[in-house]
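Enquirer: One structure is given below, represented as structure tokens, and several questions about it will come after.
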Amino acid sequence: MLDMPCHFVMRPLFLLRATPALAAAAALILALCGGAARAAGEDTHAAVLHACPKVQQEIVDLDMLAEGLKNSGAVGMFEKLRLKSAIDELIGRFKAFHRGATQYTLAELQEQYELLMMRIAHQLQDKDLALHGQLCNAWGSIWATLQDRGRFMEKFS
Amino acid sequence: MRRAPLALIALPWLLAGCQMPPALAPPSHAEIVRSELRQLLASDHPSGGAVRLYSRSGRLDYRVECASGQVCRVRVSADGHVIVTPYAGH
């Protein structure tokens, strides 16, 4: 059921006017497809980072990560500034993307995000276990916020 | 004959030097990836230089060739550790 092709429901939109039952069926299929997409996204996250350490307090967005970096003793002052600047630049690229710019695709932005997370993780690992664990756990949820236009604009506009 | 003050002669030169630099085009995606990989590798391979080539063999798994000729694999383990190792497959 979850593997069913979801794109077919996007084409015959005129059918939605045909009958309420048909519209309800289409809505149900869309809901299931949305669930399947979310499940696929979570599986991708789980396949790579499936053994993140348990943490007391979770990070939910890039601002919290930046704040954690600011207070961490694991990263030198200049590197903190570089990472903060890199985070701001990435947020700027996402802002442009969600406003319709086509300089980078969503897949490219995801790669840029993951490389930045790798860079931060590399700085923290073995030095700030708590923040590194928080970053590991938040990897997928921060991405979910960045890629979702509504959630992103609510947070950053 | 009265000479022009030095400041008047120097003014055009000073103004030319103070012009705003032309707006830079945003970096390409490949440039951003190279830059991020370079900065990630800087602590492990400070003498590696710029990233000459890179390829991605999976999510969070890169083969990186530096200007120095060093080739390494950069990947993320299941617990979120970034692991940099010499690339064995070349």
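The values are calculated or read from the model by the stated rules, or taken from the named source; none is laboratory data. All values derive from a computational prediction rather than experimental measurement. Counting neighbours? That spans all protein chains shown, and the Cβs are built from the backbone with ideal geometry, glycine included.
Enquirer: With the requirement that a residue be within 18 Å of A:Gln123 (Cβ to Cβ) and in a loop (DSSP other than H, G, I, E, B), what does segment B:56-90 give you?
Expert: Filtering segment B:56-90 down to residues within 18 Å of A:Gln123 (Cβ to Cβ) leaves B:60, B:62, B:64, B:72, B:74-77, B:79-84.
B:Leu60, B:Ser77, B:Asp79, B:Gly80, B:His81 - these are the residues of segment B:56-90 that are within 18 Å of A:Gln123 (Cβ to Cβ) and in a loop (DSSP other than H, G, I, E, B).
Enquirer: Taking the stated definitions as given, is A:Ala107 closer than 27 Å to B:Ser55 by Cβ, of a type in the set (A, V, I, L, M, F, W, C) and surrounded by fewer than 17 Cβ atoms within 10 Å (Cβ to Cβ)?
Expert: Here the answer is yes, as A:Ala107 does meet what is asked.
Enquirer: Can you find a residue in segment B:34-55 that is at pLDDT 95 or above, within 22 Å of A:Ala121 (Cβ to Cβ) and surrounded by fewer than 14 Cβ atoms within 10 Å (Cβ to Cβ)?
Expert: Yes, the conditions are met somewhere in segment B:34-55.
Enquirer: Okay, next question. State yes or no: is B:Arg52 in a strand (DSSP E or B), more than 14 Å from chain A (Cβ to nearest Cβ) and charged (D, E, K, R)? First the steps, then the outcome.
Expert: On the way: in a strand (DSSP E or B): yes; more than 14 Å from chain A (Cβ to nearest Cβ): yes; charged (D, E, K, R): yes.
Criteria met by B:Arg52.
Enquirer: Need the failing condition index for A:Leu146 against (1) over 20 Å from B:Ser77 (Cβ atoms); (2) surrounded by fewer than 21 Cβ atoms within 10 Å (Cβ to Cβ), just the number.
Expert: Evaluating A:Leu146 over (1) over 20 Å from B:Ser77 (Cβ atoms); (2) surrounded by fewer than 21 Cβ atoms within 10 Å (Cβ to Cβ) leaves (2) as the failure.
Enquirer: If you don't mind, another one. With segment A:77-157 as the region, which helices (runs of 4 or more DSSP H) entirely inside it contain at least 3 residues that are within 10 Å of chain B (Cβ to nearest Cβ) and among the aliphatic types (A, V, I, L, M)?
Expert: Working: elements: A:77-98, A:106-124, A:129-147, A:149-156.
The helices (runs of 4 or more DSSP H) meeting that bar are A:77-98, A:106-124.
Enquirer: Looking at B:Glu36, B:Glu31, which one is outside any strand (DSSP E or B), among the charged types (D, E, K, R) and at the interface with chain A (Cβ under 9 Å from one of its Cβ atoms)? Can you show your working first?
Expert: On the way: B:Glu31 fails: at the interface with chain A (Cβ under 9 Å from one of its Cβ atoms).
That would be B:Glu36, the only listed residue that is outside any strand (DSSP E or B), among the charged types (D, E, K, R) and at the interface with chain A (Cβ under 9 Å from one of its Cβ atoms).
Enquirer: Cβ-Cβ under 6 Å, sequence separation 6+ or interchain: first residue in segment B:62-77 and away from chain A (no Cβ under 14 Å), partner surrounded by fewer than 16 Cβ atoms within 10 Å (Cβ to Cβ) and aliphatic (A, V, I, L, M). Which pairs?
Expert: From segment B:62-77, the pairs are B:Glu65/B:Leu53; B:Ala67/B:Ala50.
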